[in-house]
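The values are calculated or read from the model by the stated rules, or taken from the named source; none is laboratory data. The shown structure was predicted, so the numbers you read here are calculated from the model rather than taken from an experiment. Cβ coordinates were reconstructed from backbone atoms using ideal geometry, including for glycine residues, and neighbour counts include every protein chain displayed. Side chains are part of the model used for accessible areas, which takes the heavy atoms of the whole protein and leaves out ligands, DNA and RNA. Shrake-Rupley method; radii C 1.70, N 1.55, O 1.52, S 1.80 Å.
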Amino acid sequence: MPATPVPSLTVSADGEARVAPDVAIVRLGVSAQAPTARDVQDQVNRTAGAILDAVRKLGIPADHIQTSELNLGPVYGQGRPGSEPQEPKIVGYQASNVVSVQVEQLDQTGPVIDAGLGAGANRLEGVSFGLRDDRQARAAALARAVEEARAKAEVLAGALKVRLVRILEVGEGGIAVQPQPFLRAGRLAMESAAMADTPVAAGQVEISASVTVRWEIAPL
C-alpha cells in the first residue's frame, strides 16, 4: 500500500556575508609592436623582467608572482580604400606579457601598481580583492540563509494557519564568492596613473548562499 503523502511546505532563501578582504590580485603587463617577431618578443621580455624585478624589490615572494598571459601574433596591414582586394600582408608583430601579483599586505597594493608602471608596464588589467581562506565567511552566509528560510516558513505557516512539525529535507543551492573589483584599465590610463601614487580602497568581499528547506506541516 503506497505511503500517505506528508503535507509539507517548501521555502527557498538567500543569505549574505560581507567581510574585509585580506588579499589582492594585481594584473600588470606590457604590450608592444615591432617589425619582427624576435624584436617585439625581446622588447616585451625586457620590460616584463623589469616589472618582475621592481615587484620583487617590494618584498613580494617569488611564488606570489605568476605569468597569466603571454601572446605573440602578426599585425596585418590595411589595404587602401578603393584598391583591388589583396592577400593580407604582415606589417609587423605584436606581443604582450601580463603577470598576476598576489599581495597579502593590502597597503602594498598601490606601491605594487606604481612599481610596475615605473618599470615600463603599459597595461593594468585590474585589481581584485578576495580572501585567502573563505570558509568562515561561507559558513556565516549559509547560516544566514537557513535563518531566513526558517523566518519565511514561520510567516507562511502563520498565514496558512498551520504549524511547522519537522524538517523533511534541506538542499544547498550553492555559495558564491564575489571578489571586490577595484579597477580595470588599459593603456589609455597608464599616463595619468603614472603621474601620482595610486590610491586603493579594498572595500568588502561579498559571499552569498542559498538553501531550500522542506517542512512537514500540520493543522494548528
For Lys57, indicate whether it is among the charged types (D, E, K, R), farther than 30 Å from Gly15 by Cβ, in contact (Cβ under 8 Å) with a residue 24 or more places away in the chain and open to solvent by 80 Å² or more (accessible area, probe 1.4 Å).
yes
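Taking segment 90-113, which residues are within 16 Å of Ala201 (Cβ to Cβ) and of a type in the set (Asp, Glu)?
The answer is Asp107, and nothing else.
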Filter pass, Gly15 being within 30 Å of Glu154 (Cβ to Cβ) and either open to solvent by less than 70 Å² (accessible area, probe 1.4 Å) or not aromatic (Phe, Trp, Tyr) (or both):
yes
Does Glu154 satisfy the condition of being surrounded by fewer than 17 Cβ atoms within 10 Å (Cβ to Cβ) and assigned to a helix (DSSP H, G or I)?
yes
Against the definition (open to solvent by 60 Å² or more (accessible area, probe 1.4 Å) and part of a helix (DSSP H, G or I)), how does Ala137 come out, yes or no?
no
What single numbered condition from (1) crowded, with 18+ Cβ neighbours inside 10 Å; (2) closer than 22 Å to Ala34 by Cβ; (3) not charged (D, E, K, R) fails to hold for Ala145?
(2)
Taking segment 18-48 as the search range and keeping residues that are closer than 30 Å to Ser208 by Cα and not aliphatic (A, V, I, L, M), which one is most open to solvent (accessible area, probe 1.4 Å)?
Arg18
Return the residues of segment 104-123 that are within 18 Å of Asp53 (Cβ to Cβ) and either β-branched (Val, Ile, Thr) or open to solvent by less than 50 Å² (accessible area, probe 1.4 Å) (or both); say none if nothing qualifies.
Gln108, Val112, Ile113, Asp114, Ala115, Gly116, Leu117, Ala119, Gly120, Ala121, Asn122, Arg123
How many residues, within segment 49-81, are closer than 21 Å to Ser128 by Cα and touching a Gly at 6+ places or on another chain (Cβ under 8 Å)?
4
Given (1) at pLDDT 95 or above; (2) open to solvent by less than 60 Å² (accessible area, probe 1.4 Å); (3) in contact with a Pro (Cβ under 8 Å, 6 or more places away or on another chain), identify the lone condition not met by Tyr93.
(2)
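Pick from segment 206-220 the residues that are among the hydrophobic types (A, V, I, L, M, F, W, C) and at pLDDT 90 or above: which of them is surrounded by the fewest Cβ atoms within 10 Å (Cβ to Cβ)?
Ala218
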Restricting to segment 20-74, count the residues that are under 17 Å from the mean Cα position of the chain (by Cα) and assigned to a helix (DSSP H, G or I).
1
